[in-house]
Amino acid sequence: MGYLETFINTLLGMLDWTWRSIVFQVDWTQNYFWGLVGISLVVWVLEIVFPWRKQQAAFRKDFWLDAFYMFFNFFVFAIIVSGFYEVVNKFAIDVLGINFKSLAIINLSDLPTWSQLLIFFIVLDFVQWFTHVMLHRFEFLWRFHKVHHSVKEMGFAAHLRYHWMENILYKPLKVLAVMLLGGFEPEQAFIVHFIAITIGHLNHANIKLDYGPLKYIFNNPIMHLYHHAYSLPKERFHGVNFGISLSVWDYIFKTNYIPENSGTIKLGYSDDTKMPKSFIGQLFYGFKKSE
C-alpha cells in the first residue's frame, strides 16, 4: 500500500469511526464521543449545583467557544491529521526500520492488568507533564499555549481549549512513550483515557476540590487555578502547577504553588488582550514571533 492510499484509507477510517460513535455503533468502552459528552454533562451539573465562584454564570464567558474546542480538538483535528500520522508511521517502518517494539525498554505483558494500566497511566502523565513544562519554557511553544491561557473564567470546557499545534508536539511524545513500553497499549486503555478526561475536566471546573491528602498525588481545581493565574512571583515567571492528571510531579520537582484557595484570582497573562476572540483568529495565532 502506497503512502497516498495509506493517508486516504486512514482518514476515511477515522471519519467512519467517529460517525459510528455518534450513532451508537461503537462499543461503549471505545465510544469517546459520548464518553466526552457524558463526562462533560456530569461535571457541568456539579459546577451548577456546587459552584466555587458563586458569581460565575453557568454559561460563563467563552462557554460556547470552549465547548466547540472540545469537539474540534478531540475529534475534528484527530480526523484531519490521522492520515498524516499513519503516513509517518509507515515511513518509520519502511525506511527507518523503527516500529513499536524497536525502542522497547520495558516488557509489561507478564504483569497483572491493573499494574499494566497503572504504569501506562503514570508514564503517559509524566510525558504530558514534561511537555507542558516545555510549552511554558520555550517562547515559540508558549505562543501557541497562550490560547489555553487566554481563558478568563474557568470552567470544565476550558480543559480542551488549546491550539492545534499542541497536538503536533504532544502526540509524537506520547507515541514515543508507548514505544518505550514495547508498543504496549492495553485493551482496557479506555479506562485510563476516561479517567484522564474526568480529572482534566474537574481540574478546570468551577468546583472547590483539593482531595485532602490525595492532593499530593492528584491534580485538582484549586491547584490548577493557580496554573492559570495572571500574577505569579517573579521567580516563578515560567509558571507553576504543570500537572495534568497527577500533581506529584510538581511536588517532586518543586513547581507547586498554592498561596490561598479563595478562587477569586485574576486569570490570563500580561498581554492576553492581543488574543483574538474568535476560534478562527485563534486557529492561526502563534505563528508570528510578535504574538
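Reported count of residues in segment 185-243, each being in a strand (DSSP E or B) and over 23 Å from T113 (Cβ atoms), is 1.
Scanning segment 48-59 for residues that are under 15 Å from G263 (Cα atoms) and surrounded by 11 or more Cβ atoms within 10 Å (Cβ to Cβ) yields F50, P51, W52, R53, Q56, A57. Evaluate segment 162-180: report whether one residue or more is modelled with pLDDT of 95 or more, outside any helix (DSSP H, G or I) and farther than 20 Å from T29 by Cβ. Within segment 162-180, one or more residues are modelled with pLDDT of 95 or more, outside any helix (DSSP H, G or I) and farther than 20 Å from T29 by Cβ. Take W129 and tell me if it is surrounded by 14 or more Cβ atoms within 10 Å (Cβ to Cβ) and outside any helix (DSSP H, G or I). The answer is no for W129.
Based on what the data block shows, is E260 without any contact (Cβ under 8 Å) to a residue 12 or more places away in the chain, in a loop (DSSP other than H, G, I, E, B) and over 14 Å from V151 (Cα atoms)? So E260 fits the description; yes. Taken over segment 257-276, the residue count meeting the criterion of being surrounded by 15 or more Cβ atoms within 10 Å (Cβ to Cβ) and in contact with a Ser or Thr (Cβ under 7 Å, 6 or more places away or on another chain) is 2. Close Cβ contacts (under 7 Å, 6 or more residues apart or on different chains) running from residues in segment 187-214 that are under 18 Å from G155 (Cα atoms) to residues that are charged (D, E, K, R) comprise A205/E47; N206/E47; N206/R53; I207/E47. Among the numbered conditions (1) within 24 Å of A205 (Cβ to Cβ); (2) at pLDDT 90 or above, the only one that A78 does not meet is (2). What do you reckon, is W34 at pLDDT 80 or above and either in a helix (DSSP H, G or I) or of a type in the set (S, T, Y) (or both)? Answer is yes for this residue. Among residues belonging to segment 41-98 that are touching a residue at least 40 places away in the same chain (Cβ under 8 Å) and basic (K, R), point out the one that is farthest from P172 (Cα to Cα). Among them, the one singled out is R53.
The values are calculated or read from the model by the stated rules, or taken from the named source; none is laboratory data. Just so it is clear, the structure is predicted and the values come from calculations on it, not from any experiment. FYI the Cβ positions are ideal-geometry reconstructions off the backbone, even for glycines, and counts take in every protein chain you see.
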